[in-house]
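Any read-out appearing in this document is the output of simple, stated calculations on the displayed coordinates, not a laboratory observation. As the structure is a computational prediction, the values presented were derived from the model and not from experiment. Counting neighbours? That spans all protein chains shown, and the Cβs are built from the backbone with ideal geometry, glycine included.
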Amino acid sequence: MKTTKKQFEEFKEEFIRYQEKFGLLDWKVSFEHTSLYGDRFAEIQSCLDGRVSVVRFNTKNPCKCNPKESAKHEAIHLLLATLSILGGYRYITSLQKEEAEEGIVRTLEKLL
């Protein structure tokens, strides 16, 4: 089963809603409606340099997933992106780790 342009637009709108809700407006996000490898419904790739992310929405619907739920899932990945990327580095300073963690905590404080 293929995903539609309408589903892609719904996905983008919901992702942006969560990006705003989480206060992640310093990230430059672009969207692609493209074929993804395997059974992924969507994915995100982020880079700290320039705080740039690409969010991809699969043209196929291998898991019959909900676009809005998938958008929320990918937005949470963006919320965790700084901490996740820093965690993959061979060496980070304790200040970098603390700042990334505090950023997530401040966001969740506003929401909960």
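Scanning segment 27-66 for residues that are within 21 Å of residue 88 (Cβ to Cβ), touching a Leu at 6+ places or on another chain (Cβ under 7 Å) and of a type outside the set (D, E, K, R) gives 27, 44, 46, 53. Filtered by the rule that a residue be crowded, with 18+ Cβ neighbours inside 10 Å and more than 21 Å from residue 107 (Cα to Cα), segment 62-79 gives 65, 67.
The set of residues in segment 77-112 that are within 22 Å of residue 43 (Cβ to Cβ) and among the hydrophobic types (A, V, I, L, M, F, W, C) comprises 78, 79, 80, 81, 83, 85, 86, 100, 104.
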